[in-house]
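These notes are about the structure you will find just below.
The values are calculated or read from the model by the stated rules, or taken from the named source; none is laboratory data. Just so it is clear, the model here is predicted, and its values are computed rather than measured. Every residue, glycine among them, receives a Cβ derived from its backbone with ideal geometry; neighbour counts consider all protein chains shown.
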Amino acid sequence: MTQEKKHSDLQNLHRLLLQMKKYWTRLCGIFLLDLLATPLALLGPLPLMLAVDNVIGSKPLPHFLSTVIPVSIADSKEFMLLIVAVLIILITLLSQLQSLGAYLFKSYIGAKIVLDIRRRLLYHAQMLSLTYHDTKGTADSIYRIQYDVMSVQNVIIYGIPSFITLSLTFAGMVFVIVQINNQIALIALSISPILILTSYFSRKKLRKGYKKVKKLESSNLSIIHEILSSIRVVKVFGQEERENNRFLMHSTLSLKKRIKLLLSESAFSLINSMSIALGTTLVLFYGVKNVQAQMLTIGQLLLVMSYLAHLYSPLKSLVKELMKVQDGFTGLERIFNLFDKKYDVIERPNALTVKQVNGNIRFQDVSFSYDGKNNVLTNLSFDTPSGSRVGIVGRTGSGKTTLTSLLMRLYDPTSGTIFLDAVDLKDLKVQQLRDQFAVVLQEPILLTGSIADNIAYAYPDATIDEIKTAATAANAHEFISGFPEGYDTLVGERGMRLSGGERQRIALARAFLKNAPILILDEPTSAVDVQTEAIIMDATNRLMKNRTTFMIAHRLSTLKSCDILLRIDNGRLIFQTTDVMTEIYS
Ligand SMILES: Nc1ncnc2c1ncn2[C@@H]1O[C@H](COP(=O)(O)OP(=O)(O)OP(=O)(O)O)[C@@H](O)[C@H]1O
Ligand SMILES: [Mg+2]
């Protein structure tokens, strides 16, 4: 497994934005809408200043207002008070509309982006090799797709735009305060080194914490996933209590880590709030002294204090935002780590289109290992003419199923080559290659849905008559018709509402309906009684006509109709014969 690569936040963000090209205009919309918050915030304290300086006091109107308001009105205190009232309501209304609009727009675009990334990530996860899923487990991918993707929103929908607007608001406030009194501005900003330092340390600490928490939480999910999907075993062995304790132990660990993270966050917030309080006190102290020395009017002091609140509030939010996006950036890193996992089974550029398949299969010195260390198949060489029926026998664990997996390129050989009609499998388009196979797996897996859906899985356009024909051939029609809802009977998750033999026959019907040139049957009758086996084998024999078939069976008698028999032992081909009957009855 490749080591997870490290990228900086900016690299990840850049990559994300490149993937989100089609949302750029909408993201700009969000940004502009957020930007409106700045002038609205700047207008906020204006009515109060007018009330104090122009209604109660008798200072002249500020320049930008005197151009809009005629002198006759400005002279009337009543009118000015009315204007103040109207301004308050208008500014509140506008800022409410702005924040509501931004909220709705962000939620909508956020949900769309999340869905888009989820779709791509799920597709990518499906394309990854079985080796990846066998080692990593499904829950890790589920957590990344379901939860980590959510955190993308925190970065590009909430984090970045508000980061920019907050910075702009902050800059605007600094500008305004400098205009009023640059000494006050300097005092107000004297606390910024503390804020910068806390941001720096909090980012480092929180990032590490979030990484751990996410890892733990994803392993919690895998415990739940495992318990519930193996619920039958858990019940039969009466291990509910133990499983619960295992879950509790893991969850408590991640809970503790989360709380620790919250504590660090709160500590950093406390430091920030206290430094801001310090800044406010310093300005107030200085302002009062100036008012006493008559260098500042009371109105100006009130205005400065009110602007100060507006200066510090974006600053506080900025720092908070910086902490909040750490969760998002951690998630982003995990998402890209999954995106970066390379497919093991790779389609070559200019891969060949699979045309008419005859079904001649040749293994040439094929070896394979799941873990890169121990060979499961060793130097396997054989050649089966097209249309032949190949029986594979061998002790359990000898590598029979693995051999068929290599045929469909679920894995690639570690060394050696497999040819289909004299073409290396690796030269063919992967999906088209797999289309050539109809398979009945050793453990038939059904998907949630009806029996009909399951039979038609590889061929969703099949008519109900075609489905019934396939079911009849697999000796399944009878039992399906016996169900009150017939073909519409729901099979439950992974087909758990059916018996093993029923599942197997539905899987057979599915393979029959696929009508592919190469058939792989991995112990297709292991879960049915002898009588049913005979009927199924009869149908299978018909199906095998003119197709290359690989059939694995433990009962030799099942392989009577084969043309070639391969015996595998410990991953090696130890015996091969075309005189199957003699071998079976010897
Ligand atoms: N996904 C996997 N990852 C790692 N090792 C595996 C995997 N699948 C199978 N193996 C190992 O490879 C060997 C061959 O397994 P395989 O399933 O091919 O045996 P088989 O001949 O089909 O056995 P059976 O008759 O029991 O079905 C076994 O030793 C098994 O432990
Ligand atoms: Mg097997």
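Structural remarks
- The residue list 393, 366 contains one member that is within 16 Å of ligand 2 (Cβ to nearest atom), in contact (Cβ under 8 Å) with a residue 12 or more places away in the chain and assigned to a strand (DSSP E or B), which is 393.
- In the range 35-51, the residues that are more than 37 Å from the chain's Cα centre (by Cα), of a type outside the set (Gly, Ala, Ser) and not in a loop (DSSP other than H, G, I, E, B): 39, 40, 42, 43, 46, 47, 48, 49, 50
- Residue in the range 259-269 that is part of a helix (DSSP H, G or I) and within 30 Å of residue 180 (Cα to Cα) present: yes
- Residue in the range 85-93 that is surrounded by 14 or more Cβ atoms within 10 Å (Cβ to Cβ) and either free of Cβ contacts under 8 Å to residues at least 40 places away in the same chain or not in a helix (DSSP H, G or I) (or both) present: no
- Filter pass, residue 405 being more than 11 Å from ligand 1 (Cβ to nearest atom) and at pLDDT below 95: no
- Selection within the range 502-524 - at pLDDT below 85 and closer than 25 Å to residue 557 by Cβ: 524
- Output for the range 557-570, where each listed residue is surrounded by 15 or more Cβ atoms within 10 Å (Cβ to Cβ), modelled with pLDDT under 90 and farther than 20 Å from residue 386 by Cα: 558
- Residues within the range 396-416 that are outside any helix (DSSP H, G or I) and away from ligand 2 (no atom under 11 Å from the Cβ), tallied: 9
Condition check ((1) of a type in the set (Phe, Trp, Tyr); (2) outside any loop (DSSP other than H, G, I, E, B)) across all residues:
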{"site": "442", "(1), (2)": "no, no"}
{"site": "453", "(1), (2)": "no, yes"}
{"site": "457", "(1), (2)": "yes, no"}
{"site": "472", "(1), (2)": "no, yes"}
{"site": "478", "(1), (2)": "no, yes"}
{"site": "484", "(1), (2)": "no, no"}
{"site": "507", "(1), (2)": "no, yes"}
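- Within the option set 553, 527, being within 16 Å of ligand 1 (Cβ to nearest atom), crowded, with 16+ Cβ neighbours inside 10 Å and either at pLDDT below 80 or outside the structural domain of residue 389 (by TED's automatic domain parsing) (or both) holds for one residue only, 527.
- Pairs, first within 14 Å of ligand 2 (Cβ to nearest atom) in the range 537-560, second part of a helix (DSSP H, G or I), C-beta under 6 Å, six or more apart: 550/404; 552/400; 553/559
- Candidates 232, 246, filtered to the one that is surrounded by 14 or more Cβ atoms within 10 Å (Cβ to Cβ), of a type in the set (D, E, K, R) and more than 27 Å from residue 322 (Cα to Cα): 246
- Qualifying residue in the range 352-360 (condition: under 13 Å from residue 426 (Cα atoms) and outside any loop (DSSP other than H, G, I, E, B)): yes
- Matching residues in the range 170-207 - criterion: being surrounded by 14 or more Cβ atoms within 10 Å (Cβ to Cβ) and over 30 Å from residue 285 (Cα atoms): 202, 203, 205, 206, 207
The rows are residues; the columns are (1) without any contact (Cβ under 8 Å) to a residue 60 or more places away in the chain; (2) among the acidic types (Asp, Glu).
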residue	(1), (2)
461	yes, yes
470	yes, no
489	yes, no
499	yes, no
511	no, no
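- Residues of the range 102-140 classified as away from ligand 1 (no atom under 16 Å from the Cβ), small (Gly, Ala, Ser) and surrounded by 14 or more Cβ atoms within 10 Å (Cβ to Cβ), total: 4
- Pairing each residue of the range 435-456 that is more than 20 Å from residue 468 (Cα to Cα) and assigned by TED's automatic domain parsing to the domain that holds residue 484 with any residue that is small (Gly, Ala, Ser) and within 14 Å of ligand 2 (Cβ to nearest atom), provided the two are 6+ apart or on different chains, yields C-beta distances under 8 Å for 442/526.
- When the range 522-547 is filtered for residues that are out of contact with any helix residue (DSSP H, G or I) (no Cβ under 7 Å at 6 or more places or on another chain) and under 16 Å from residue 445 (Cα atoms), the ones remaining, listed by number, are 523, 526.
- Condition met for residue 104 (of a type in the set (A, V, I, L, M, F, W, C), part of a helix (DSSP H, G or I), more than 16 Å from ligand 2 (Cβ to nearest atom) and closer than 18 Å to residue 335 by Cα): no
- Matching residues in the range 329-362 - criterion: being among the β-branched types (Val, Ile, Thr) and more than 27 Å from residue 115 (Cβ to Cβ): 345, 346, 353, 354, 357, 361
- Of all residues in the range 275-296, those satisfying the criterion of being touching a Leu at 6+ places or on another chain (Cβ under 9 Å) and of a type in the set (S, T, N, Q) are 275, 280, 290.
- For residue 195, the conditions (1) free of Cβ contacts under 8 Å to residues at least 12 places away in the same chain; (2) in contact with a helix residue (DSSP H, G or I) (Cβ under 9 Å, 6 or more places away or on another chain); (3) closer than 30 Å to residue 300 by Cα are fulfilled apart from (1).
- Answer residue from the range 371-385, given it is in contact (Cβ under 8 Å) with a residue 12 or more places away in the chain and out of contact with any strand residue (DSSP E or B) (no Cβ under 6 Å at 6 or more places or on another chain) and is nearest to ligand 2 (Cβ to nearest atom) among those: 372
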